[in-house]
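Nothing in this text is a laboratory measurement; each read-out follows from the coordinates by a stated rule. These numbers come from a predicted model, not from an experiment. When we count neighbours, we look across all protein chains shown, and the Cβ atoms used for this are built from the backbone with ideal geometry, even at glycine.
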Amino acid sequence: MVKSIAHLAFQVNDMEASLKFYETFGIKKAFSISDSNGKPQTEYLKVSDGQFMELFYSEEPFEPLPMWKKKYYAHLCLSVDNIQTVAKAIVDAGYELAVPPKKGDDGNWQCWTHDPDGNAVEFMQMMPDSLQKTSDMK
């Protein structure tokens, strides 16, 4: 039934800062949607074929919460080829590396940061012997 994640949606305070953050990792704007009055409403970012992120312009500014204090949102996880390259890109772009590269309990390499609105973003390098990969073999 379900094949993949079609998109994740976030409301953002500063669209330009958010676009710049995700572009750091090669996620580029695909298209924009405006309301019936022509006012910008949503920016679509292409993660991979058929997978997108929606960034909604916030009607009113909101106070970003620290990444571990979000009540309902857990995190966005993006699959990457090389965790060290991504960690370096985070630091080189001037963002905080909240959790440096480490091997998780599932056997994959991961590192963490947060976007300009405090949303937690995990990057994961899938390893051949990880729980995700070995469960595919069953």
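Odds and ends about this structure:
- The range 88-138: C-alpha pair distances exceeding 16 Å, %: 47
- Diagonalising the gyration tensor over the Cα atoms of the range 1-117 and scaling each eigenvalue by 5 before taking the square root yields semi-axes of 25, 17, 15 Å, largest first.
- Each other residue within a Cβ distance under 13 Å of K46 adds +1 if Lys or Arg and -1 if Asp or Glu, for a net charge of -2.
- Over the chain: helical MRE at 222 nm, DSSP H runs n ≥ 4 each giving -39500 (n - 2.57), nearest 500: -5000 deg cm²/dmol
- If only the Cβ of Lys and Arg carry +1 and only the Cβ of Asp and Glu carry -1, the dipole of the chain around its Cα centre is close to 380 debye.
- Within the shell of other residues whose beta carbon sits under 12 angstrom from the beta carbon of S32, the net charge comes to -1, with Lys and Arg scored +1 and Asp and Glu -1.
- Gained length - Q41 relative to D92, 0.36 nm times residue gap less alpha-carbon distance: 15.3 nm
- Straight-distance crosslink candidates among aspartates and glutamates, where the alpha carbon sits under 16 Å from K103 and sequence neighbours closer than 8 are dropped: D81, E122, D129
- Ordered by the number of other Cβ atoms lying within 10 Å of each residue's own Cβ, fewest first, S32, S18 fall into the sequence S32, S18.
- Candidate aspartates and glutamates for bridging to K88, where Cα separation is under 12 Å - those fewer than 8 sequence places away on the same chain excluded: E96
- For the chain, the relative contact order comes to 21 percent (Cα pairs under 8 Å, sequence separation of at least 6).
- By the beta-carbon count within 10 Å of each Cβ, the least crowded to most crowded order of E122, E23, E60, fewest first, is E60, E23, E122.
- Here V80, V86 are placed in order of increasing Cβ neighbour count within 10 Å, fewest first, which gives V80, V86.
- Within the shell defined by Cβ-Cβ distances under 11 Å, the residues around L19 carry a net charge of -2, with Lys and Arg each +1 and Asp and Glu each -1.
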